[in-house]
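Just below is one structure, and these are the notes that go with it.
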Amino acid sequence: FWVTTTQLVGTLCFNFNTFDSFISHTMEENLLAVWLPDILGSILFLISGFSGVVEFNHRIIFWPGRSLQSSLTVIGLWGCLLFMGSAILALMAILLPTSESIRFSLLLTGAGGLAFLSSSLLMLFER
């Protein structure tokens with residue numbers, strides 16, 4: 001229950017963030033309208049990622065066990081951690097914009113997306 005609920009609300013936060021980022025904002029509005037939903041969505045994704053790992057593996061692990069289900073949950077957790085890193089770097093990019101912080105934030109977002117894609121593709125082989 002907690003895994004799906006927190007992931008759903010986190011996804012809604014990310015979608016709010018995505019649509020609102022197309023609108024021009026002042027610095028303060030940008031922090032509230034774009035970054036705050038991003039960090040809240042990332043926190044909710046972390047809760048869902050850790051809950052999924054603990055639900056299946058009965059403890060927190062960062063390297064998958066031998067089963068496909070263990071790999072699914074841990075790779076999903078990696079995606080959550082990468083999204084959180086991206087959200088933190090996005091704040092740095094807003095407050096102290098440098099090309100490195102922006103690039104690295106985008107890199108972490110892409111890597112998190114690839115982790116979620118990998119986990120989703122592995123679900124095709126789940127019995």
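The values are calculated or read from the model by the stated rules, or taken from the named source; none is laboratory data. Because the structure is a prediction, the values reported are computed rather than measured. Cβ placement follows ideal geometry from the backbone for every residue including glycine, while neighbour counts extend to all protein chains displayed. Each accessible area value is taken on the protein alone, full model and side chains, heavy atoms only, with ligands, DNA and RNA left out. Shrake-Rupley method; radii C 1.70, N 1.55, O 1.52, S 1.80 Å.
So the values come out like this:
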{"quantity": "Condition check for PRO37: under 20 Å from ALA115 (Cα atoms), at pLDDT 75 or above and open to solvent by less than 70 Å² (accessible area, probe 1.4 Å)", "calculated": "no"}
{"quantity": "Residues satisfying the stated conditions in the stretch 84-127, i.e. farther than 15 Å from SER42 by Cβ, polar (S, T, N, Q) and in a helix (DSSP H, G or I)", "calculated": "SER99, SER101, SER118, SER119, SER120"}
{"quantity": "Test: residue in the stretch 52-66 that is in a helix (DSSP H, G or I), open to solvent by 70 Å² or more (accessible area, probe 1.4 Å) and closer than 18 Å to MET123 by Cα", "calculated": "yes"}
{"quantity": "Options LEU81, LEU77, LEU72: the member that is within 24 Å of THR11 (Cβ to Cβ), part of a helix (DSSP H, G or I), at pLDDT 85 or above and open to solvent by 50 Å² or more (accessible area, probe 1.4 Å)", "calculated": "LEU81"}
{"quantity": "Residue ID - nearest to THR11 (Cα to Cα), chosen from residues in the stretch 99-120 that are polar (S, T, N, Q) and in contact with a helix residue (DSSP H, G or I) (Cβ under 8 Å, 6 or more places away or on another chain)", "calculated": "THR109"}
